[in-house]
Amino acid sequence: QVQVVESGGGLVQAGGSLRLSCVASGSIFRITPMGWYRQAPGKERELVAAISSGGSTNYPDSVKGRFTISRGNAMKSLYLQMNSLKPEDTAVYYCNAKGVYGEEYWGRGTQVTVSS
């Protein structure tokens, strides 16, 4: 079956860096990771970074200039390089993938905690 797995989260001091990874696999012929989202306790899930099949990227102002999304390994993997981390970046980070009909698949998330 379809599986989306995130990794790379952890505890880091403010100003530090982390690199998140997402791998999509399973019985679906084509499943492509498309973006990263995050959710902090008591808040709505929000888009952190997105990338199109053509390579165009999109970031909200809150992370622009600090986070970089990229692809690798035949479009089955997705990465998020996070630099200059701030305490407000603390959240569970989720990878979002899409199938051939646009259906969405989510991983279970990886915790990122940034201390002051």
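The values are calculated or read from the model by the stated rules, or taken from the named source; none is laboratory data. This one's a predicted model, so the numbers in the text were calculated from it and none came from an experiment. Neighbour counts are summed over all protein chains in view; Cβ atoms, including those assigned to glycine, are modelled from backbone coordinates with ideal geometry. Remember, those area values only see protein heavy atoms, side chains included, never the ligands or the DNA or RNA. Shrake-Rupley method; radii C 1.70, N 1.55, O 1.52, S 1.80 Å.
Amide H to amide H distances under 5 Å link Met34 with Asn96, Ala97, Lys98, where only residues 5 or more positions off or on other chains count and H is placed in the peptide plane.
Length available on full extension from Leu47 to Ala74: 0.36 nm per residue minus the Cα-Cα distance, which gives 7.4 nm.
Run through the DSSP bridge list for the chain and note the antiparallel percent, rounded to the nearest 5. It would help to have the intermediate numbers written out before the result.
Numbers: 36 of 40 bridges.
Counting DSSP beta bridges with both partners in the chain, the antiparallel share is about 90 percent.
Cross-link partners for Lys76 among the aspartates and glutamates, with Cα-Cα distance under 15 Å and sequence neighbours closer than 8 places in the same chain left out: Glu6, Glu104.
Placing unit charges on the Cβ atoms only, positive for Lys and Arg and negative for Asp and Glu, gives region 31-116 a dipole magnitude near 180 debye about its Cα centre.
Using a 1.4 angstrom probe with every protein chain in place, what is the largest-first accessible-area order of Lys76, Lys86?
Details: Lys76 60, Lys86 85 Å².
My answer, sorted largest first, is Lys86, Lys76.
Against the empirical 2.2 N^0.38 Å (N residues), the chain has a Cα radius of gyration ratio of 1.02.
Computed from label points 7 Å out along Cα-Cβ, the spacing between Gln39 and Glu104 is 1.0 nm. Paramagnetic label reach from Asn83 (point 7 Å along Cα→Cβ; backbone nitrogen cut-off under 20 Å): within region 45-64, residues 48-51, 56-64.
Net charge in the neighbourhood of Ile51 (other residues with Cβ under 12 Å of its Cβ; Lys, Arg +1, Asp, Glu -1) is +2. Simple rule: put +1 on each Lys or Arg Cβ and -1 on each Asp or Glu Cβ in the chain, find the dipole, and look at Asn96, Ser7, Gly72; the Cα lying farthest toward the positive end is Gly72.
As a length-normalised measure over Cα pairs under 8 Å and 6 or more apart, the relative contact order of region 19-116 settles at 31 percent. Loop-located GluC sites (Glu not before Pro) in region 1-52 (DSSP state other than H, G, I, E, B) with a sparse environment of at most 10 neighbouring Cβ atoms within 10 Å: Glu44.
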